[in-house]
Amino acid sequence: MPHHSRTAWYVLGFFVLVVLALDQASKFVVEKYTPMGSLKVLVPGVLNLVHTTNPGVAFGLLADSPAPWLSAALVLFSVTVIALLSWLLATGRAGGWLGQSGLALILGGAAGNVFDRLLRHSVTDFIDFHLGSHHWYTFNLADSAIVVGASLVVLELLRDWRHAGGGRA
């Protein structure tokens, strides 16, 4: 297990808290100052601000589910993921600096979305991104942190695989 300096722990904790704070602050502003369902073009043909909520999971899956247990199940799943990520970081099993940073971003994003589910039973989404006919599902800063964090983890895995000789034919 790699040794972690106290400074490294503070930096990782700072990543988690910054993601959580920025996510919750941005959702607060959207909820307070934009009506539900509103659309404001920020960059024509690329980026809109849209106030929506998602009671389901990523990409709107299960959003129309009438299951009364769905919100509780999603919170339980999210808390389990948060516990696993915290354990990986705390025990030094999160890889190198790139992987640790990635898991910290994922942890902050997961905490932001679970916070929404606990308070509102749904997640507030507002970033509407599209290029031409390619349109992404509406998302939020927590989702962005999760994607960037997962990308960092994959980059570290690919780098380690390549350095270990896995990239040779």
Considering only region 130-149, state which residues are surrounded by fewer than 15 Cβ atoms within 10 Å (Cβ to Cβ) and aromatic (F, W, Y).
W136
Identify all residues within region 35-52 that are of a type in the set (V, I, T) and out of contact with any Asp or Glu (no Cβ under 8 Å at 6 or more places or on another chain); write none if there are none.
V41, V43, V46
Taking region 83-111, which residues are free of Cβ contacts under 8 Å to residues at least 40 places away in the same chain and crowded, with 18+ Cβ neighbours inside 10 Å?
L85, A94, A110
Can you pull out every residue in region 132-149 that is within 13 Å of L47 (Cβ to Cβ) and assigned to a helix (DSSP H, G or I)?
S144
Can you name the condition, by its number, that V123 falls short on among (1) among the aliphatic types (A, V, I, L, M); (2) more than 28 Å from K32 (Cα to Cα); (3) touching a strand residue (DSSP E or B) at 6+ places or on another chain (Cβ under 8 Å)?
(2)
Could you run through region 15-54 and say how many residues are outside any strand (DSSP E or B) and under 18 Å from the mean Cα position of the chain (by Cα)?
15
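This table checks each residue for (1) part of a loop (DSSP other than H, G, I, E, B); (2) aromatic (F, W, Y); (3) over 30 Å from H51 (Cα atoms).
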site: T80; (1), (2), (3): no, no, no
site: G109; (1), (2), (3): no, no, no
site: L118; (1), (2), (3): no, no, no
site: F126; (1), (2), (3): no, yes, no
site: L152; (1), (2), (3): no, no, no
site: R159; (1), (2), (3): no, no, yes
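Can you tell which of L62, L152, L74, L88 is at pLDDT below 95 and out of contact with any Pro (no Cβ under 9 Å at 6 or more places or on another chain)?
On the way: L62 fails: out of contact with any Pro (no Cβ under 9 Å at 6 or more places or on another chain); L152 fails: at pLDDT below 95; L74 fails: out of contact with any Pro (no Cβ under 9 Å at 6 or more places or on another chain).
So the residue among L62, L152, L74, L88 that is at pLDDT below 95 and out of contact with any Pro (no Cβ under 9 Å at 6 or more places or on another chain) is L88.
Does R117 count as charged (D, E, K, R) and farther than 26 Å from H135 by Cα?
Values: charged (D, E, K, R): yes; farther than 26 Å from H135 by Cα: no.
Considered against the rule, which asks whether it is charged (D, E, K, R) and farther than 26 Å from H135 by Cα, R117 comes out as no.
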Quick check on my filter: what residues within region 1-42 are surrounded by 15 or more Cβ atoms within 10 Å (Cβ to Cβ), under 30 Å from A90 (Cβ atoms) and either at pLDDT 95 or above or among the acidic types (D, E) (or both)?
V19, L20, L22, D23, Q24, S26, K27
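The values are calculated or read from the model by the stated rules, or taken from the named source; none is laboratory data. Predicted model only: the values in this text are computed from it and were never measured. Every residue, glycine as well, gets a Cβ built from its backbone with ideal geometry; the counts of neighbours run over all protein chains shown.
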